[in-house]
Structure formats: structure tokens, C-alpha cells
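This report refers to the structure that appears directly beneath it.
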Amino acid sequence: MRQESKPTGARAGAGIVLESLTKCYGPITALDGVDLAVRAGELVTLVGPSGSGKSTILRLIAGLERPDRGRVVVGDRDVVDVPPQQRSVAMVFQDYALYPHLTVQDNLLFGLRVRKVPRAEATRRAREAAERLGIAELLDRHPDEMSGGQRQRVALARALVRDPSVYLLDEPLASLDTQLRTTTRADLLAIHRQLGTTTLHVTHDQAEAMTLGDRVVVIEGGRVRQAGAPQDVYDEPADTFVARFLGSPPMNLVPGGGVLGDSTGVVVGIRPEDLALDSEGPIAATVEAVEALGNEAVLLTRCADGTRLAIRTEPRLGLLTGDAVRLSPDARRVHRFDAGTGRRL
């Protein structure tokens, strides 16, 4: 999780406003009246399960598809009827989208040549983008001569050279291994701080959502479930979906309160890190499984009434399946949701 970025470059992007954005594919409603405002220069992460509508939002902003209803405002104009090439938007896909027969340099220059950017200016932009992303030594290579991580950096560089008002990143790190994902994430943050270009970043990865964005927007079922600063969304989820979706292991949710306290008509929740092993604790449970993760352990326990609770704890406690434990919840960190609507109380 991070503080809001403050651009060091002179350029700022354009703001984005989505109003009642709706998109259907036959009987399937992919987006159902989405309202979202992104400030100029802001980096916003859209996170949600597969099929939730995240990528559809990007495609409608880019002009790759047309909404059935609603407005897409970039800067000070509604761009729904504006051709994609005139929207000052650059989009990066998960699958690289490079021309295999062209060198890296020619891949970077291709779009600029189509837009009739002067040769010297185009070459300068390509060189600067390559240096920013650490691929300057790859300019003479073809895509099949590079690793997946290198190809993804080239795809990002292709977006950089366009100098757009808005960047749309559709899971650009999903194909990278864990270590490379971490370093590329840091590169993206550094570039955003330098350029200050408005950026919408789609991911299903919670770590990316929580660490990259000035704000995180949780999407599910074609609707915005919650938008806010990453820590705020994690600490005060708007409903049971957000509570379970953000966090690993997810929040423990107990209908009616149960071992977390009797609450008719309410679902009571507590995150695994807010439950502590305590010999004097009020909750008796049995260890069903121990997930040792090196720097921590997750205990999966079952209470006498059948309630299952996950607890995040120290890794070297020596607990085994079948051991009896007692648990103590942090009363300050207990969440309450309406049992009917799932909304936070």
C-alpha cells in the first residue's frame, strides 16, 4: 500500500469521467451503469474476479467497443463518438501485441510513423522509453529473441512513446513470474511519478491493486462495489464481497455472529490477523490444518459449533492438526454487515 503519487514531470494527464456506463453482449450485461471519476494524473487500479467487467471498462475508454448507454469523458469532451486514434489514449494488453517481424526499435517507432511524427522526434521518444524501461540494449532484437518479461517491457515502451493523456493497462504483469512482477511494478510506479499521466490499471492480483493505485476500485458483476484509498477499502469494506475479495486468507464471516457474538440479522466478520492465540481467549477451537508460509503461518480451525476461522500467526509455534487452541478477537477490528443486503453497518 502506498501514499498518493506526486508527479515529478511537467506533464499531467486528462481526467476521466464515466457516467452510467452500460455494455451488454446479447443477454449478458457486462457493465451495469458504472459511474467513476478519475482525477487528472491519478493512478487508479481496477480489481475484481474474472468476468467482472474490468477490461470492458478499458476497451470502452479506448474506443475498441461502444457502450450501449452512458458517457465516456476524457479531459473535457465526451469521446464515445471519437475514433480510437483520436482519443489520446494508449492501451497495453497482457499478451504483448508486438509485431514479430519487426525489431524492438521498429516496434516502438511503428505507431509514431503512422501518426507522421518527425523521424528525429520519433527516434528520441523511442530511445527515452527504452532507457526508462531498461531495454535500450534490446533495440535491435526481435520479439522471439527475448524473454516474456522483456517483451512486456517493450509493450509498455510502445505505450510510453505515444505520450498520451491516458494510459490503460490491462493486466500487463499477469504473464510475468513473481520476482519480475515485483520489479516491473516498481518500474511502473517510478514512471508514473515521473510522467504524472492519468493511468487506469486492471488486475486480479491483490498485491498489485493495493500497492500500485492511488485508489483501488473493486468491480464485481459489472458494478462498482467500492472505491477508495487501498488501506481504507481494506480496513472498512463496503460489503461482504469486498471483505472476502481483498485479503489472503479472506475475512472470516460468521452469519448471526456465532462465536463472535450473537447478532441476529447480521453477518460478523474479522480478518485472520485480528484473531490471536490466547490461552484465556473466549473462543475454543481445534486446529484442522497448518499452512506454513515461511515468514508466517495460517491456522485453519474449527469451533465447537462448526464455525471455521482462519488465523494468521507466528510460523514456529509447533501447532499440529488436532491441537486444541483458544482464540481472542480484537474487538476494535470486528466488522458487521447486514445479513440481507451484505452492506456494511
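What follows draws every value from the coordinates through simple rules; no lab data is involved. A quick note: this is a predicted structure, and the numbers were derived from the prediction, not measured. Cβ sites come from the backbone with ideal geometry, for glycine too, and all protein chains shown count toward neighbours.
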Taking the Cβ-Cβ separation of R141 and R39 as r and a Förster radius of 41 Å, what is the calculated FRET efficiency to the nearest 0.05? 0.60
Stokes-Einstein, Kirkwood over Cα pairs, the stretch 251-338, 25 °C, 0.890 mPa s; D in µm²/s equals 188 µm²/s
Report the antiparallel proportion of the DSSP beta bridges in the chain as a percent, rounded to a multiple of 5. 75 percent
Contact order relative to length of the stretch 251-338, as percent, for alpha carbon pairs under 8 angstrom and 6 or more apart: 36 percent
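Tell me, what is the percent relative contact order of the stretch 144-247, built from C-alpha pairs under 8 Å that lie six or more residues apart? Each step should come with its number before you reach the end.
Numbers: 87 pairs, mean separation 20.0, N = 104.
With pairs under 8 Å counted, the relative contact order is 19 percent.
If I stretch the segment between R66 and A207 completely, what's the gain in nm (0.36 nm per residue apart, minus their alpha carbon distance), one decimal?
Numbers: separation 141, 0.36 × 141 = 50.76 nm, distance 3.11 nm.
Length gained, R66 through A207: 47.7 nm.
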Once the Cα gyration tensor of the chain is diagonalised, semi-axes √(5λ) in Å: 44, 24, 16
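Counting pairs of alpha carbon atoms under 8 Å apart in space and at least six apart in sequence, what relative contact order in percent does the chain give?
Values: 728 pairs, mean separation 63.8, N = 345.
Once normalised by length, the contact order is 18 percent.
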Degrees between helix 148-161 axis and first principal axis of the chain (Cα, 0 to 90, nearest 10): 60 degrees
